[in-house]
1. As a check on your grasp of the helix formula, calculate [θ] at 222 nm for the chain: sum -39500 (n - 2.57) over DSSP H runs of n ≥ 4, divide by the residue count, round to the nearest 500.
2. How big is the charge dipole of segment 161-285 about its Cα centre, in debye rounded to the nearest 20, if each Lys and Arg gets +1 on its Cβ and each Asp and Glu gets -1 on its Cβ?
3. Compute from the Cα atoms of segment 282-421 the Rg and the Dmax, the latter being the longest Cα-Cα distance, and quote both in angstrom.
4. Ranked from highest to lowest mean number of other Cβ atoms within 10 Å per residue, what is the order of the peptides 270-277, 25-32?
5. When a/c reaches 1.5 or more, the comparison of a/b and b/c decides; with that in mind, is segment 210-345 rounded, prolate or oblate per its Cα gyration tensor?
6. Using the charge dipole of the chain (Lys, Arg: +1 at Cβ; Asp, Glu: -1 at Cβ; taken about the Cα centre), state which of 367, 315, 461 has its Cα farthest towards the positive end.
7. So for the chain: antiparallel DSSP bridges make up what percent, rounded to the nearest 5?
8. Could you state the angle between the C-alpha long axis of helix 209-219 and the longest principal axis of the C-alpha atoms of the chain, as a value from 0 to 90 degrees rounded to the nearest 10?
Amino acid sequence: MQAPLRFDESTYEKATTTVAGEAIAYRSFKQIDYVSRPVDPIQRLNIFVPEAYFNGGQVNGYTRVSAPIFMPNTIGGYRPGPSDFPENVARYGQGATMLAALKQGYVVVSAGARGWTSRDSNNEFTGKAPAFIVDLKAAVRYVTYNAGWLPGDPNHIVVSGTGAGGAAAALLGASGEADFFETPLQELGAAPGTDAVFAVATYCPIMDLEHADDAYEWQFHGISDWTQRSLKLVDEQPQITVQSSHLSGEEQRWSSERQQAFIAYINGLKLRDDQGHDLTLNLNGTGSFREAIVADLLSAAQAAGVAGQALGNSAGVTTKDGHIVAIDWYRYTAALGRQKGLPAFDALDLSHPENQLFGNRLMPARHFTEFAQSHTLEAASRADPDLVAAINPMTYLKTTQSQVAPHWWIRHGAADAETAFAIPKLLATRLANQGYDVNFAYRWATKHEGDYDLPDLFNWVNQCCR
Ligand code: DHB
């Protein structure tokens, strides 16, 4: 009998899919339990392997033992993210990304993870934080435990995701082997492998939730109208709902207070740019940290100009001879517009997905910041600050308590107002300051999305692996 959680390569399906006229042949190993005591059927993974690796062949210079293992997650909105497959053409599926990775010669592993709506047969919640990251870690442990059995190089695991999934990928990268998750991993019967990974690709991560509200008030200070588009399930069907309002006088006072809290946070981090200059903020919100973001946005605009991409909304943007030469922060962010009210994440009425994320077995939603708890509109409680910290990638970049991935690809759209521009910038800067390999850029005229630059991402992965 096979040991539990041992990969069995004898049960598979063969598939060939044509992408841009090129046939991609692979084997599919589907719906494999990645823990021995699952609590939800979503805790399964799919594995896809280029067919050539079963015949001694190579793809893109990789072999059965040297191929990177690419693990894109499907988490969005901190909801459950089911395992996916290359043939999936659904709008929110990752079929195209998986096929592109197979074409590069990568082994692709797609693991499902619980989210805030997950419940058991007693109708109790089973997917509140930290379930999503425990599941993804258990899946990584399955892969590393199966080193030698599973095709691919378990020392070259590349995780990726977008939005909440981007946050989950960043957390995998920051928190390798962190103690906090050991007990829940043991309870699920996770395989005895490591959960440290090699590289992270994170797109517009909705992370640093302890500071994301404050960052939002700093970015949009003085802008009080907001329009939120959110994806809600109505009769099981995803529907976009639009809500508009403006900050009241009291909220505008709170906004100033939260901006000051963010300025203090930034100045306490002692960040530096590539040349070693301090990145700080003045009490009025200006400063070298903001200038560094503007410079990065300008680089994004210039890269788009070079690539012949349409320059998009030109508010706050000065052009000369068809090129963007300057960006005015206030006009640019005003034109971008607030997409969220105040607080942007820890809603006073507990209505945001992040509140739901921090519920527990019996409680649908809780607060996770001191500010929202003290101004709550509901009879609410606050999640344990240790839990909130444990699912924040930034926590692990303060002390040496985990194995941090050596390589990071961080992208955020220059037209994305779902979280502040500061959030990915902070992650990138903190990592770079600690000596990790970071490739960070905003992407011009791009909203809240991911995977738009796969050829560039894969070139970078190939360089990291070779
Ligand atoms: C995501 C987007 C949000 O605006 C948010 O608040 C949480 C998650 C997402 O894209 O996953």
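We did not get these values from a lab; they are worked out from the coordinates using the rules stated. The structure displayed is predicted, hence computed values, not measured ones. Cβ: placed from backbone, ideal geometry, glycine included. Neighbour counts: every protein chain shown.
1. On the way: 13 runs with 141 residues, N = 466.
Theoretical 222 nm ellipticity from helices: -9000 deg cm²/dmol.
2. Values: 6 positive and 19 negative charges, 72 e Å.
Computed charge dipole of segment 161-285: roughly 340 debye.
3. Spelled out, the Cα radius of gyration and Dmax of segment 282-421 are 19.4, 60 Å.
4. Working: 270-277: 11.6, 25-32: 17.5.
Packing order, densest peptide first, comes out as 25-32, 270-277.
5. Details: a/c = 1.89, a/b = 1.14, b/c = 1.66.
It comes out oblate by the Cα gyration axes.
6. Working it through, the farthest residue towards the positive pole turns out to be 461.
7. Working: 38 of 64 bridges.
Antiparallel: roughly 60 percent of the beta bridges in the chain.
8. The answer is roughly 40 degrees.
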